[in-house]
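Asker: The structure under discussion is supplied below as structure tokens; questions concerning it will follow.
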Amino acid sequence: MWQIQNPNTPTGQLILWMIVLGAFIMIMGLVPLLHALPPRGRRAIIVIITFITGLFFATEFFLPINKEQKNFLTDAIQPAQQAVQVITALALGLGTYGLVRLHLRNVVQRRTQWGYSLVLLISFVVMATFSIANTLSEQGLVEKTPLLEQGFKLLFDYTLVQLDAAMFSLIAFYIFSAAYRAFRIRSVEAGILMFTAIVVMIGVVPLGATISPYLPGVANWILTSLNAPVQRAIEFGVGIGGLAMAIRLWLSLERGVT
Amino acid sequence: MQTRGPSIWERMLSIDRRILYLLLFANIVLFLLLPIRMRAAVSPPVQKFYDEIEKLQPGDLVMISSNWSASTLAENQPQLEAVIRHLMRKKAKFTLISVEAQSRDISYRLASRLTPEGGYEYGRDWAHFGFVTNLIVSIKGMVNNLPDTIKKDVRGTPVSELPLLKGITSLRQYKMIIDVTPSATVPFWISYAPKETKILYCPTSVMAAEAYTFLDSGQIKGMITGAKGAQEYEQLLGIVGLGTRFVNAISFSHVLIILFIFLGNLALFMNRRQMRQEG
């Protein structure tokens, strides 16, 4: 695999920057070129790239391996992984650009509920600034000042994490309300299902062992002897469905892919 | 003509959801604050998990895949804390990896907070590889050439220069992989990680049911299910962690849900009977 010799020397750094600049210019040039193509031409490019990359990963997985656990394609996994990272970074940049553009337009044109857009933009800029600065300080590239440390802690630990956890915990309240209203024993099957659910719900928590020493064992038997075979059957079905879908995506037969 | 008001059963069936929310909230707060400690019956998957880590030798290398964010903090944080504490007790070295940005920050900060307890030093005893964007390709890359795949850790140090990873070129040299996650990432580790490397799993409670097939087949060697699994694990370790603190609220929330399912069915049955009697 081609590598830059001594990337930390001034010459190596120069070559690195030249490569980055060249790649940037190439991508910027590709965008208008792709836009200029007719839809059928664009579709053909996407179909070909999807097929080749899919073929690469499938072939690498299925081809026999030697004593070093490799085949002739295994060494190409690293560049493929880096390509995936680059594509993801591009997608992230594109997403950020789209998000900022949309909400900036809402604010500038005073559209309906533009205040929310303003809150989003301010939160986005503040969080990104502190987050990037914190990452750089972890790498020793900028000084970790008390403002940065406290600011990041306030924004990440005390705001983002708490809001995220609170949002998810609301599900428990909906489940409680839904279980009360919807879990009705209208048939023998529903009765069996409810009885099983109660045994598992109580059996897996310490209260179950306090009520009866046999309850945890019964709950475990239900999970391993009844649940596991059913799950296996479902996973077989899902697996076959997933394989069919993967083939359709690989061959670009799925509508909406291109 | 005088019309009768709604019966108690009708009122129960149309109970305001805010009353239900308030009851659950009060139940959770009460049992989080009450200092009751109930001993758990350790489930076989948790016991297997514990036994596998007990088999580790000092210096053995373990990969922890930490892919949870704040939304599942109540379940995954007690698991990760208990696992790291056990690894430190066994003097096993570990590296962390994530598949998204928030889980990278959370797991790095959590490990940075816990590791001084065991006298662990970053770079020598543990390290964080940051987050990777595609887990499948990254696992395959790490099996083939770990330093080239990860390149730098969260502190910007090339992983080949970390004392912890001296002589480590592949995931094959790891003794164990522990997946702490609310997502279905464990099939990726099973499919693409080296077959000789043991896989242990820490899912959230809702994800655990699917994993029993892998436990049965031996593809997963042990499993800690949610916060209640963490409590069992803490009991085995002889410590009081987040799992032990959370489990009472979980236990009695289960009881409350069951009680209200029963009451809902009773109200429905009695209401129907009353309507039949009234013609």
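Asker: Give the residues of the stretch B:223-266 that are on the phi > 0 side of the Ramachandran plot and either among the hydrophobic types (A, V, I, L, M, F, W, C) or more than 10 Å from chain A (Cβ to nearest Cβ) (or both), sorted by residue number.
Answerer: B:Gly238
Asker: Mind telling me which of the residues B:Leu200, B:Leu164, B:Leu215 ends up being closer than 20 Å to B:Tyr233 by Cα and either hydroxyl-bearing (Ser, Thr, Tyr) or not in a strand (DSSP E or B) (or both)?
Answerer: Unique residue meeting the criteria: B:Leu215.
Asker: Return the residue satisfying two criteria in turn: it lies in the stretch B:146-167 and is in contact with a helix residue (DSSP H, G or I) (Cβ under 6 Å, 6 or more places away or on another chain) and within 7 Å of chain A (Cβ to nearest Cβ), and of such residues it is surrounded by the most Cβ atoms within 10 Å (Cβ to Cβ).
Answerer: Looking at residues that are in contact with a helix residue (DSSP H, G or I) (Cβ under 6 Å, 6 or more places away or on another chain) and within 7 Å of chain A (Cβ to nearest Cβ), I get B:Thr149.
Asker: Something else about it: What pairs come up if the first residue lies in the stretch A:64-91 and is within 7 Å of another protein chain (Cβ to nearest Cβ) and in contact (Cβ under 8 Å) with a residue 24 or more places away in the chain, the second is open to solvent by less than 90 Å² (accessible area, probe 1.4 Å) and among the hydroxyl-bearing types (Ser, Thr, Tyr), and their beta carbons are under 7 Å apart, counting only those six or more places apart or on different chains?
Answerer: Close Cβ pairs satisfying both conditions: A:Gln78/B:Thr149.
Residues are listed down the side, and each one gets a yes or a no for (1) open to solvent by less than 30 Å² (accessible area, probe 1.4 Å); (2) at pLDDT below 90; (3) in contact with a strand residue (DSSP E or B) (Cβ under 8 Å, 6 or more places away or on another chain):
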| position | (1), (2), (3) |
| --- | --- |
| B:Tyr233 | yes, no, no |
| B:Ile239 | no, no, no |
| B:Gly243 | yes, no, no |
| B:Ser251 | yes, yes, no |
| B:Val255 | no, no, no |
| B:Leu259 | no, no, no |
| B:Phe262 | no, no, no |
| B:Asn265 | yes, no, no |
| B:Gln274 | no, yes, no |
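Asker: Return the residues of the stretch A:24-51 that are of a type in the set (Val, Ile, Thr) and more than 27 Å from the chain's Cα centre (by Cα); say none if nothing qualifies.
Answerer: A:Ile25
Asker: Take the residues of the stretch B:28-59 that are open to solvent by less than 30 Å² (accessible area, probe 1.4 Å), in a loop (DSSP other than H, G, I, E, B) and in contact with a strand residue (DSSP E or B) (Cβ under 9 Å, 6 or more places away or on another chain): which is nearest to the other protein chains (Cβ to nearest Cβ)?
Answerer: Within the stretch B:28-59, the match that is nearest to the other protein chains (Cβ to nearest Cβ) is B:Ser43.
Asker: Can you find a residue that is under 15 Å from B:Ile136 (Cα atoms) and either β-branched (Val, Ile, Thr) or touching a residue at least 40 places away in the same chain (Cβ under 8 Å) (or both) anywhere in the stretch A:40-55?
Answerer: Checked the stretch A:40-55: at least one residue is under 15 Å from B:Ile136 (Cα atoms) and either β-branched (Val, Ile, Thr) or touching a residue at least 40 places away in the same chain (Cβ under 8 Å) (or both).
Asker: Still on this structure, please answer the following. Restricting attention to the stretch B:91-106, report how many residues are surrounded by fewer than 19 Cβ atoms within 10 Å (Cβ to Cβ) and more than 20 Å from A:Gln162 (Cβ to Cβ).
Answerer: Selection size over the stretch B:91-106: 1.
Asker: Would you be able to tell me the number of residues in the stretch B:60-78 that are assigned to a loop (DSSP other than H, G, I, E, B) and more than 15 Å from B:Pro203 (Cβ to Cβ)?
Answerer: Going through the stretch B:60-78 one residue at a time, the tally reaches 1.
Asker: If a residue has to be farther than 19 Å from B:Ser251 by Cα and either more than 7 Å from chain B (Cβ to nearest Cβ) or part of a helix (DSSP H, G or I) (or both) to count, how many in the stretch A:179-192 make the cut?
Answerer: Matching residues across the stretch A:179-192 total 9.
Asker: Inspect all residues belonging to the stretch B:138-160 and state whether any of them is of a type outside the set (A, V, I, L, M, F, W, C), closer than 30 Å to B:Leu236 by Cβ and either at pLDDT 90 or above or not in a helix (DSSP H, G or I) (or both).
Answerer: No - not one qualifying residue is present in the stretch B:138-160.
The values are calculated or read from the model by the stated rules, or taken from the named source; none is laboratory data. Because the structure is predicted, anything quoted here is derived from the model rather than measured. A quick note on method: Cβ atoms are made from the backbone with ideal geometry, for glycine too, and the neighbour counts reach across all protein chains shown. Ligands, DNA and RNA are stripped out before the accessible areas are found, and what is left, the full protein with its side chains, is counted by its heavy atoms. Shrake-Rupley method; radii C 1.70, N 1.55, O 1.52, S 1.80 Å.
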